[in-house]
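Heads up, the thing below is written out as structure tokens.
Read the figures in this text as sums done on the coordinates, not as results from a lab. What you see is a predicted model; the values in this text were computed from it and never measured. Positions of Cβ are backbone-derived with ideal geometry, glycine not excepted, and every protein chain shown enters the neighbour counts.
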Amino acid sequence: MADHRTNPSSHTQQRPIYGSTTTTRSNNTTNHPIASLIRQLQSHAGNYSGPSFGFIALFISSGILLLLTGITVTALVLGFIAFLPLIIISSPIWIPLFFLVTGFLSLAGFLVGTAAVVSWTYRYYKGMHPVGSDQVDYARSRIYDTAAHVKDYAGGYFHGKVKDAAPSA
């Protein structure tokens, strides 16, 4: 029995190596508009330099993002207009609920922050060296050194003024 299977690689299209000028075409010669557009784009792709291609990509992507932003804002405004009567009718429920949820989240945030500060301070004074303790130590030593320097400078300054005021003293 003869093997009647066809070679699958004979029907596949080989892609050109990047930067080469030769293109290989498949045996399928249908002229699809998208395929011809892609072929034209591929033939002109080598003509674009890096910065100009970057500007074109930036222009296209920013245009798409601007379009999506416009669609989002339009949908938000239309949704707000459509649901405005429902919002007004149910506002006696939403306003106290808003204040309740805001107050709860604020209280929870303050509690978490306070717990973090107390925990850090406890670990710092126990000598466990929490994150940032070296910066606190450095700042404390700088403040101490500056205060000592100002004290020495002011002491000498005032000592000289006292002598000038009372030369016999």
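Give the whole-number value, in cubic angstrom per residue, of the convex hull volume spanned by the C-alpha atoms of the range 53-106.
Numbers: hull volume 4.4 nm³, N = 54.
It comes to 81 Å³ per residue, whole-number rounded.
Test of the criteria: in the range 42-132, which chymotrypsin sites (Phe, Trp or Tyr not before Pro) are in a DSSP loop and have at most 13 other Cβ atoms within 10 angstrom of their Cβ?
Of the chymotrypsin sites (Phe, Trp or Tyr not before Pro), the ones in loops of the range 42-132 whose Cβ has at most 13 other Cβ atoms within 10 Å are 48.
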